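Shown next, in C-alpha cells, is the structure this report addresses.
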Amino acid sequence: MTNMKKIPASDITPEHIYNDRRNFIKNLGLILSSSALSTFANTSFGALNSLPSFAQAKNHGNEKLTSLKDITSYNNYYEFGTSKSDPHDHADLLKIDPWSISIEGSVAKPLKLDVDELIKLIPIEERIYRLRCVEGWSMVIPWVGIPLHSLLKKVSPTGNAKYVEFVSLKRPSEMIGQKDDMLDWPYTEGLRLDEAMHPLTILAVGLYGKVLPKQNGAPIRLVVPWKYGFKSIKAITKIRLVEKMPVSTWMKANSKEYGFFANVNPEVDHPRWSQATERRIGESLLAPRLKTEMFNGYQKEVAHLYQGMDLSRYF
Amino acid sequence: MNQSYVKRLIFIASLWPILSLGIAIFQSNLGANPVEFIERHFGKWALIFLCLTLSMTPLRKITNISEWILYRRMLGLFVFFYASIHLLCYIGLDYQFAWVDIKNDIIKHRYVLVGFLAWLLLLPLAITSSDKMMRRLKVNWKRLHRLSYVIAILGVLHFIWLVKKDLTEPLIYAVIVLILLILRLNIFNRKKINH
C-alpha cells in the first residue's frame with residue numbers, strides 16, 4: 001500500500017505546473033496516467049490508480065486555489081484524530097482497496113460497485129469549489145468527481161425517496177480516531193433529495209487532477225459546496241435513499257449546534273464561532289478575514305431550494 | 001543558590017514561548033492556518049504560566065521552602081504578558097482591528113466573553129504588582145489578588161467552550177487548576193497547623 005506521507009515532494013505536481021497543465025486539456029489524461037504509473041508502479045493505490053482524462057472547470061470567481069499542501073495537511077477528519085494534522089499523519093493506515101459503494105433503499109435499481117466502475121459509468125469532471133468550515137476557515141479546492149444526480153438517476157429513486165443518507169466506514173483498526181467514542185461511528189450524513197439532485201452536488205474521487213488523498217476522504221466523498229464542510233462526508237460506503245430525515249452524526253453529538261441543513265449563512269451564528277467572516281487558508285499572516293457569503297457564494301444556484309424556510313430555525 | 005540568580009534563570013526560561021515561536025516561524029512550521037497557530041500558542045502559554053503561578057503557594061506549603069513565593073510575581077506578570085499577546089493576536093492579526101466584528105464576537109460567543117473577562121481581571125493585578133502598591137493596599141492587596149482564582153477558572157472555561165468535541169486538553173488544565181485551588185482550602189491549612 002502506498003504511504004501518502006512518503007511520496008516525495010517532487011512527485012506531487014506543483015501548483016504552477018498544475019495550472020499550466022490546465023491549458024493542455026488533451027494532454028492531461030496522458031500526463032496524469034503516465035506520471036501516476038511511474039509513481040505508483042508496483043504499489044496498489046486503492047481501487048483507483050489514476051484518473052482518466054476529464055473536463056476541466058473554469059475558475060469562475062478567479063479565486064486563488066488553496067495549495068495542495070494545505071488541503072492535505074489541515075483537515076477535520078475525526079476518524080483519524082481530532083487535531084488538524086492527525087488525518088495527514090494517520091490516514092495512510094486505511095486500506096481503500098477493495099472498496100465498494102452501495103446505493104440502496106427506496107430505489108428501483110440498487111447498485112453496488114467500486115470506484116473504478118463508478119467512473120466508467122459516469123464521466124468525471126473537475127469542479128473548483130469554495131469549502132467553508134463551520135469553524136470559520138475556508139479553502140478553494142479543485143475537486144474531480146461525478147455529479148451525484150447522475151448516479152441517483154441510474155438507480156431510479158422511488159416515490160418514497162425523500163432524503164439521501166450517506167454512511168462512511170467504521171474500522172477502528174485502521175481509523176485510529178474511532179478507538180475513542182468521540183462521535184457515533186460510522187459517520188453519517190444526509191441531504192434532502194432535491195439537495196442531493198442539485199447539479200452542484202458531487203461525489204469527489206480526486207483533487208488537483210489526481211486521485212483523492214486518503215486524508216481528504218478517499219476513495220470517494222461527498223462535496224456540497226454551499227454547506228459547511230462537515231456535511232461533505234468522507235470515505236462513503238453506503239448511499240441510502242430514505243423517506244425520513246436522517247439524523248447526522250453531528251446532530252446526534254450536539255443538536256443545538258449542528259442542524260440537518262448546515263447551510264453556510266453569515267447571519268446565523270454558531271454558538272462558538274462567528275459565521276459572519278472567515279479566514280482563507282494559505283493567505284498571508286497579515287491578510288484580513290473575508291466576509292462570508294450567503295450559501296457560501298452559491299446563492300444564485302441554490303437559494304430557491306430554501307424558499308419560504310426560516311433559516312435561523314432550520315440551520 | 002543565589003535567589004537573584006535563580007530569578008534571572010526563570011526569567012530567561014519564561015521567554016521560551018517567544019523563542020519556540022521564532023523557531024517555528026523560521027522553519028515555516030506554522031501550518032496551514034498560521035494566525036490560529038500563533039493565537040493558540042500564546043493562549044496556551046498564558047494558561048501554563050497561570051498554573052505555574054498558582055503552584056507557588058502550594059509548593060511552599062508542601063516543601064516547607066518559602067523561596068517559591070519569590071518567583072510568584074514574575075510568573076504572574078508573564079501570565080499577563082502572554083495573555084496580552086494572545087489578545088493582541090486576536091484583535092490585530094485575526095480581526096485586523098475590525099472593532100465592530102470584535103464587539104459582536106465578544107457579545108455573541110461565551111468563550112470569547114470569558115476569555116476577555118479573564119484578561120480584564122488580569123489588568124488590576126498587573127498594575128498592583130509592585131512592592132509600592134502592595135504596601136499601599138495592605139490587606140486589600142491580598143484580597144484583590146485572590147482574583148487570580150477567578151481568572152484561572154475563566155481561563156479554563158475559555159478553553160473548554162472553544163473546543164468542538166475533544167475536551168481532553170482543556171480538561172487537563174481544568175484538573176490542574178482544580179487541584180491547585182483545592183490545595184488552598186482551609187481544611188488543608190488547618191491540617192498543617194494541627195500537625
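Points worth noting:
- Remark: pairs (first residue in segment B:115-130, under 15 Å from residue B:90 (Cα atoms); second residue basic (Lys, Arg); Cβ separation under 7 Å; 6+ apart in sequence or on different chains) are absent.
- Criterion: surrounded by fewer than 21 Cβ atoms within 10 Å (Cβ to Cβ) and in contact with a Pro (Cβ under 6 Å, 6 or more places away or on another chain) - qualifying residue of A:162, A:153, A:170: A:170
- When each of B:120, B:75 is tested for being away from chain A (no Cβ under 14 Å), buried (at least 18 other Cβ atoms within 10 Å of the Cβ) and under 26 Å from residue B:21 (Cα atoms), the lone residue that passes is B:75.
- Residues that are aromatic (Phe, Trp, Tyr), within 8 Å of another protein chain (Cβ to nearest Cβ) and either surrounded by fewer than 17 Cβ atoms within 10 Å (Cβ to Cβ) or assigned to a helix (DSSP H, G or I) (or both), drawn from segment B:89-116: B:111
- Contact map, segment A:282-297: residues that are without any contact (Cβ under 8 Å) to a residue 24 or more places away in the chain and hydrophobic (A, V, I, L, M, F, W, C) paired with residues that are part of a helix (DSSP H, G or I) and surrounded by 15 or more Cβ atoms within 10 Å (Cβ to Cβ), Cβ distance under 6 Å, separation 6+ or inter-chain. Pairs shown: A:285/B:34.
- Residue in segment B:33-41 that is away from chain A (no Cβ under 12 Å), farther than 20 Å from residue B:124 by Cβ and of a type in the set (Asp, Glu) present: no
- Counting only residues that are touching a residue at least 24 places away in the same chain (Cβ under 8 Å) and away from every other protein chain (no Cβ under 14 Å), segment A:133-158 holds 16 of them.
- Taking segment A:297-311 as the range and being among the hydrophobic types (A, V, I, L, M, F, W, C) and closer than 17 Å to residue A:131 by Cα as the test, only A:302 passes.
- Filtering segment A:268-288 to residues that are of a type in the set (Lys, Arg) and within 21 Å of residue B:163 (Cβ to Cβ) leaves A:272, A:279.
- Within segment B:1-19, residues that are β-branched (Val, Ile, Thr) have Cβ atoms under 7 Å from residues that are surrounded by 13 or more Cβ atoms within 10 Å (Cβ to Cβ) in these pairs: B:10/B:71; B:10/B:74, counting only partners at least 6 apart in sequence or on another chain.
- With respect to being modelled with pLDDT under 95, among the aliphatic types (A, V, I, L, M) and closer than 25 Å to residue B:87 by Cβ, residue B:162 fits the description.
- Matching residues, segment A:167-182, being in a loop (DSSP other than H, G, I, E, B) and either under 30 Å from residue A:304 (Cα atoms) or touching a Lys or Arg at 6+ places or on another chain (Cβ under 7 Å) (or both): A:168, A:172, A:174, A:182
- Qualifying residue in segment A:187-204 (condition: within 14 Å of chain B (Cβ to nearest Cβ) and acidic (Asp, Glu)): no
- Qualifying residue in segment B:118-140 (condition: at pLDDT 95 or above and either touching a strand residue (DSSP E or B) at 6+ places or on another chain (Cβ under 8 Å) or within 30 Å of residue A:178 (Cβ to Cβ) (or both)): no
- Evaluation of residue B:53 against (1) surrounded by 19 or more Cβ atoms within 10 Å (Cβ to Cβ); (2) free of Cβ contacts under 8 Å to residues at least 12 places away in the same chain (one fails), failing number: (2)
- Within segment B:78-88, one or more residues are within 14 Å of another protein chain (Cβ to nearest Cβ) and out of contact with any Leu (no Cβ under 8 Å at 6 or more places or on another chain).
- When residue A:255 is tested against (1) within 14 Å of chain B (Cβ to nearest Cβ); (2) free of Cβ contacts under 8 Å to residues at least 24 places away in the same chain; (3) assigned to a helix (DSSP H, G or I), exactly one condition is not met: (3).
- Segment A:230-271 - residue that is basic (Lys, Arg) and crowded, with 23+ Cβ neighbours inside 10 Å and, of those, nearest to the chain's Cα centre (by Cα): A:234
- One residue stands out in segment A:112-142 among those that are touching a Ser or Thr at 6+ places or on another chain (Cβ under 7 Å) and not charged (D, E, K, R): the one that is nearest to residue A:274 (Cα to Cα), namely A:136.
The values are calculated or read from the model by the stated rules, or taken from the named source; none is laboratory data. None of the values given here were measured: they were computed from a predicted structure. Glycine also receives a Cβ, built like all others from the backbone with ideal geometry; neighbour counts cover every protein chain displayed.
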